[in-house]
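See structure below.
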Amino acid sequence: MKKVVICLMTVLMCLGLCACGDSKAERSFFAMDTYITVTAYGKNGEKAVQAAQELMEGYDALWSIGEENSAVSRLNRGERISLDRDTSALLDRSLEISHMTQGAFDPLMLPVMELWGFTDKHYAVPSEDDIKKALSLTDVQGLHLENGTAYLTPEGCKADLGGIAKGYASGAAADMMRKMGVSSGILSLGGNIRTIGEKPDGSPWRVAVRMPFDEGFIGIVEVRDKAVITSGGYERYFEENGKLYHHIIDPKTGCPADSGLMSVTVVSGDDTLADALSTALFVMGKEQAEEFWREHEGFDLILLCDDGSLYITEGIKDDFTSDMEYEVISNR
Ligand code: AMP
Ligand code: MG
């Protein structure tokens with residue numbers, strides 16, 4: 001994968017590591033277009049962080065759109081590819097969540113990303129005609145999964161799993177580390193945080209959610225064994241004529257989503273869901289995100305709107321602290 005640092009700032013910071021005597025193993029590396037830090041406490045820590053690195057580098061080699069021979073690049077060149085277990089699971093979930101979000105999550109958004117220059121950094125605001133053409137290639141029905149293979153139609157359709165792959169990776173790495181005996185740990189992949197168990201001193205992990213375009217943070221959420229995954233326009237963008245154009249595309253318009261949200265954080269035990277939803281709910285906006293939360297289980301939300309207002313969902317109300325004023329969204 002191209003060694004491009006998309007986001008120098010870690011979007012979420014992990015606060016308050018343990019003060020007890022458990023041995024700590026930690027490793028930082030660059031993969032999946034982001035700096036990753038994996039930390040494990042306990043006996044098998046060293047082996048586990050090494051294995052986590054190998055796992056994520058393996059995913060990078062499979063799913064990177066910057067790597068000519070990755071499975072996704074071959075798929076995007078029009079090949080019918082044989083699916084390994086992880087790519088199959090990831091594509092299945094991508095389709096499932098695309099349907100669940102009525103297309104707000106769209107894993108075939110690459111033609112539009114390319115048009116805006118997000119893939120090669122040759123940024124430009126495209127013409128309406130070009131947007132229309134690129135959008136005609138983004139219908140998820142173009143992704144065919146058949147008998148352990150995948151292919152795309154029509155010609156020109158291209159997959160981009162950048163909105164979901166890191167979530168899948170952190171979930172799989174955490175599962176593997178747990179199986180190796182790690183009962184306490186934390187993985188940080190840019191705006192994605194995954195915690196394993198609790199801190200070695202028995203207290204919950206404290207994850208700070210970054211304030212967009214700022215050094216500070218929105219608040220802190222305390223979690224055990226959960227992913228805390230944030231999407232926002234501030235992570236990657238360019239400026240033209242005083243206007244910011246960011247990298248999360250509204251599939252209805254082919255333009256950067258302008259839904260009134262500045263950032264969406266999803267807290268969930270399911271990393272893949274959390275990653276895809278953070279992107280999709282950012283596209284949907286606050287009202288629809290709220291509605292979606294009421295209709296589905298297994299996650300909570302922290303929503304920061306463009307006007308600075310902050311909302312959290314009921315499920316994390318006892319685990320969230322902030323210096324800002326915020327409103328709790330309840331089930332009814
Ligand atoms: P995230 O940081 O998880 O919100 O993912 C953003 C990335 O997802 C972008 O850089 C694109 O690669 C991809 N993407 C952009 N718009 C969408 C969309 N509407 N649905 C799915 N993936 C998207
Ligand atoms: Mg995402």
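The values are calculated or read from the model by the stated rules, or taken from the named source; none is laboratory data. Fair warning: this is a prediction, and the values are worked out from it, not measured in the lab. Reconstructed Cβ throughout: ideal geometry from the backbone, glycine too, with neighbour counts over all protein chains shown. Ligands, DNA and RNA are stripped out before the accessible areas are found, and what is left, the full protein with its side chains, is counted by its heavy atoms. Shrake-Rupley method; radii C 1.70, N 1.55, O 1.52, S 1.80 Å.
Worth a mention:
- Of 110, 56, 97, farthest towards positive along the dipole that unit charges on Lys, Arg, Asp, Glu beta carbons give segment 39-124: 97
- Here the dipole of segment 63-152 is about 60 debye; that uses its Cα centre as origin and unit charges on the Cβ of Lys and Arg (positive) and Asp and Glu (negative).
- Per-pair calculated FRET efficiency, R0 = 30 Å: residue 141 and residue 121 via Cβ, rounded to 0.05: 0.50
- Potential lengthening between residue 243 and residue 323 on full extension [0.36 nm per residue; Cα-Cα distance subtracted]: 25.8 nm
- Dipole magnitude for segment 258-310: computed about the Cα centre from +1 point charges on Lys and Arg Cβ and -1 point charges on Asp and Glu Cβ, it is near 60 debye.
- Share of pairwise Cα separations in the chain, more than 34 Å, in percent: 21
- Whole-percent carbon and sulfur share, accessible surface of the chain, 1.4 Å: 46
- Dipole of the chain, positive direction: furthest Cα of 164, 304, 320, with charges on the beta-carbon: 164
- In the elastic network of the chain, a GNM with C-alpha springs shorter than 10 Å, the most mobile of 318, 201, 225 is 318.
- Chain lengthening between residue 74 and residue 295 when straightened (0.36 nm per residue, less Cα-Cα): 75.9 nm
- Span-like helix criteria (full DSSP H runs; alpha carbon extent of at least 18 Å along the helix axis; mean Kyte-Doolittle hydropathy of at least 0.5) are satisfied in the chain by 271-284.
- Cα gyration tensor shape of segment 129-253, rounded if a/c is under 1.5, else prolate or oblate by comparing a/b with b/c: oblate
- Spin-label pair residue 307/residue 252, simplified geometry with 7 Å Cα→Cβ offset, distance in nm: 1.9
- Efficiency of FRET from Cβ geometry, residue 84 and residue 50, R₀ 25 Å, rounded to 0.05: 0.75
- Under-5 Å amide H pairs with residue 255, H placed in peptide plane, nonlocal only: 250
- Annotation for segment 50-106 versus segment 288-315: alpha-carbon center distance of 28 Å.
- Residue 282 accessible area, assembled protein chains, probe 1.4 Å, Å²: 0
- Translational diffusion of segment 234-332 was estimated from the Stokes-Einstein equation, with Rh taken as the Kirkwood radius over Cα pairs; at 4 °C and 1.567 mPa s the coefficient is 91 µm²/s.
- Taking a ≥ b ≥ c as the square roots of the eigenvalues of the Cα gyration tensor, segment 207-289 is oblate, since a/c reaches 1.5 or more and a/b is not larger than b/c.
- Distance violations [Cα-Cα > 23 Å] among 158/226; 199/286; 121/158; 133/286; 132/166: 158/226; 199/286; 133/286; 132/166
- Dipole magnitude of the chain, debye to nearest 20 (Cβ charges: Lys/Arg +1, Asp/Glu -1, about Cα centre): 900
- Between residue 30 and residue 153, residue separation times 0.36 nm minus the direct Cα-Cα distance comes to 41.0 nm.
- For segment 63-152, the direction-averaged projected area of the alpha-carbon convex hull comes to 6.1 nm².
- Residue of 93, 294, 85 that the Gaussian network model of the chain assigns the largest fluctuation, springs spanning Cα pairs under 10 Å: 85
- Springs join every pair of Cα atoms under 10 Å in this Gaussian network model of the chain, and among 48, 89, 134 the largest mean-square fluctuation is at 89.
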